[in-house]
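S.K.: Please find one structure pasted underneath; my questions will follow.
The values are calculated or read from the model by the stated rules, or taken from the named source; none is laboratory data. In this text the structure is predicted, and so the values were computed from the model without any measurement. Glycine also receives a Cβ, built like all others from the backbone with ideal geometry; neighbour counts cover every protein chain displayed. Surface areas here come from the heavy atoms of the whole protein model, side chains and all, with no ligands, DNA or RNA. Shrake-Rupley method; radii C 1.70, N 1.55, O 1.52, S 1.80 Å.
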Amino acid sequence: AIELDPKHAVAHCDLGNLLKDVRKDYDGAIKLYRKAIELDPKYAHACWNLSLLLENQKKDITGAIDATKEYIRRGDPDNDGEQRLAKLRAYSEGLARENEKKWPEAIAAFQNCVALDANHSASAWFQLGNAYYGQNGMKNCEAEYEPYTRCIALDPKHAVAHINLGNVLKDVRKDYDGAEKMFRKAIELDPKHAYAHNSLGHLLLIARKDYEGAERFCRKAIELDAKYAYPYWNLSVIAEEKEEDIAAA
């Protein structure tokens, strides 16, 4: 269609959707959305699609804010541009305060963000969980449970959210079965995530005394990241506890 009519804005936008959703070619989609906007100065939905992609896939919040402003300027056909802009600004504020380790301010900003868009803010829910973790002195706490749970509900393929929720279940709720499920899912989603392998190894050690399984996952973590210190420490604990069990027998 674009070959036959190079100025067909909708065709560019629809091809952008295809590249984004099917091929995961986000850079290609961005180019097509921008071309659609260039071809049709009133094409608000291309601005909207561009904003969503920049936020959710490229993590470019500044770009998403600019695209949303353009969406509003071009007519805001769905009348939700201002709410989206407020959400993005709250998210941007939360990230800024989080980087400064100003945890109460970060929490307030992310809470505002999810209040504005609770059902489409997986990233904001995730960051809210991280902010609670930071506020608690970098230790897991019950406050993290809902944010990570909501993040996973909105983005079931978010491996790190599964890991973080697993840590809450393990360290706070002592729900070892639930934690193991989270860590195994994280490994399924991202088989090269060293932290997930080490977390599962540590869990198998403390909850099951499954020395063979614990050692296997810790060694896999080292294979994936030789500079990751914790699995080495876990291996030393495994060896020590195995010797103690042998001596006791």
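S.K.: When both residues are 6+ apart or on different chains and their Cβ atoms are under 9 Å apart, which pairs have a first residue that lies in segment 227-249 and is closer than 23 Å to His197 by Cβ, and a second that is outside any helix (DSSP H, G or I)?
M.R.: Close Cβ pairs satisfying both conditions: Pro231/Asp225; Glu241/Lys209.
S.K.: To continue, here is another question. Restricting attention to segment 185-228, which residues are in a loop (DSSP other than H, G, I, E, B) and of a type in the set (D, E, K, R)?
M.R.: Scanning segment 185-228 gives Asp190, Lys192, Lys209, Asp210, Asp225, Lys227.
S.K.: Kindly indicate which of Glu38, Glu105, Glu93 is closer than 27 Å to Pro147 by Cα, over 20 Å from the mean Cα position of the chain (by Cα) and open to solvent by 60 Å² or more (accessible area, probe 1.4 Å). Can you show your working first?
M.R.: On the way: Glu38 fails: closer than 27 Å to Pro147 by Cα; Glu93 fails: over 20 Å from the mean Cα position of the chain (by Cα).
That would be Glu105, the only listed residue that is closer than 27 Å to Pro147 by Cα, over 20 Å from the mean Cα position of the chain (by Cα) and open to solvent by 60 Å² or more (accessible area, probe 1.4 Å).
S.K.: Just the residues that are small (Gly, Ala, Ser) and either touching a His at 6+ places or on another chain (Cβ under 6 Å) or modelled with pLDDT under 95 (or both), please, taken from segment 2-54. So that I can check it myself, show each step before the final result.
M.R.: Quick first cut of segment 2-54, residues small (Gly, Ala, Ser) only: 9, 11, 16, 28-29, 36, 44, 46, 51.
Once the filter is applied, which keeps residues that are small (Gly, Ala, Ser) and either touching a His at 6+ places or on another chain (Cβ under 6 Å) or modelled with pLDDT under 95 (or both), segment 2-54 yields only Ala36.
S.K.: To continue, here is another question. Yes or no: segment 122-139 includes at least one residue that is open to solvent by 40 Å² or more (accessible area, probe 1.4 Å), farther than 29 Å from His193 by Cα and not in a loop (DSSP other than H, G, I, E, B).
M.R.: No, because not a single residue in segment 122-139 is open to solvent by 40 Å² or more (accessible area, probe 1.4 Å), farther than 29 Å from His193 by Cα and not in a loop (DSSP other than H, G, I, E, B).
S.K.: For segment 55-63, does any single residue satisfy the condition of being part of a helix (DSSP H, G or I), at pLDDT 95 or above and open to solvent by 20 Å² or more (accessible area, probe 1.4 Å)? Before the answer, list the steps.
M.R.: We begin by selecting, within segment 55-63, every residue part of a helix (DSSP H, G or I); these are 55-56, 61-63.
From the residues that got through so far, the ones that are at pLDDT 95 or above too are 61-63.
Within this subset, residues satisfying the condition of being open to solvent by 20 Å² or more (accessible area, probe 1.4 Å) are 62.
Within segment 55-63, one or more residues are part of a helix (DSSP H, G or I), at pLDDT 95 or above and open to solvent by 20 Å² or more (accessible area, probe 1.4 Å).
S.K.: Still on this structure: Just a yes or no: is a residue in segment 157-166 of a type in the set (Lys, Arg) and either over 22 Å from Trp233 (Cβ atoms) or in contact with a Leu (Cβ under 7 Å, 6 or more places away or on another chain) (or both)?
M.R.: Yes, because at least one residue in segment 157-166 is of a type in the set (Lys, Arg) and either over 22 Å from Trp233 (Cβ atoms) or in contact with a Leu (Cβ under 7 Å, 6 or more places away or on another chain) (or both).
S.K.: Report whether or not Val168 is open to solvent by 10 Å² or more (accessible area, probe 1.4 Å), assigned to a helix (DSSP H, G or I) and within 20 Å of Leu203 (Cα to Cα).
M.R.: Values: open to solvent by 10 Å² or more (accessible area, probe 1.4 Å): no; assigned to a helix (DSSP H, G or I): yes; within 20 Å of Leu203 (Cα to Cα): yes.
Here the answer is no, as Val168 does not meet what is asked.
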